Amino acid sequence: MLDGAGVKVYLQRDNLGRRMREHRLMVVKYRLKENLGSKKQLATPAAQALTALKYLATKKGPLAAPVGCQLALEGTT
C-alpha cells in the first residue's frame, strides 16, 4: 500500500498498525460573555505570556491539561 502511494518502506513489520484505531474528534466551542476561568488567563497576549511563565515554573494551569481534554462550563448572567 505504501509503495503504491510513493512512500519508500525502509523496514517491514507485520504488526505495525495492526491494533490501530481511528480516533474521532468532535469540537464544541462556547463563547463566554465575560473573561472567566482559563479564558481570562488566555484572553490577551500578555495574559498568555504570564500563563506560560507560570506553567514553566509550576507545571500547573490551563496549559498543563492534555490537548483537547480541557472543558469548562462556567455560567454567566
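Bear in mind these aren't lab numbers, they're just calculated from the coordinates by the rules spelled out. The structure presented is a predicted model; accordingly, all values stated were derived computationally and were not measured. Every residue, glycine as well, gets a Cβ built from its backbone with ideal geometry; the counts of neighbours run over all protein chains shown.
The set of residues from segment 1-28 being within 30 Å of the chain's Cα centre (by Cα) and of a type in the set (Gly, Ala, Ser) comprises Ala5, Gly17. Residues in segment 29-66 that are at positive phi and surrounded by 10 or more Cβ atoms within 10 Å (Cβ to Cβ) were compared, and the one that is farthest from the chain's Cα centre (by Cα) is Gly37.
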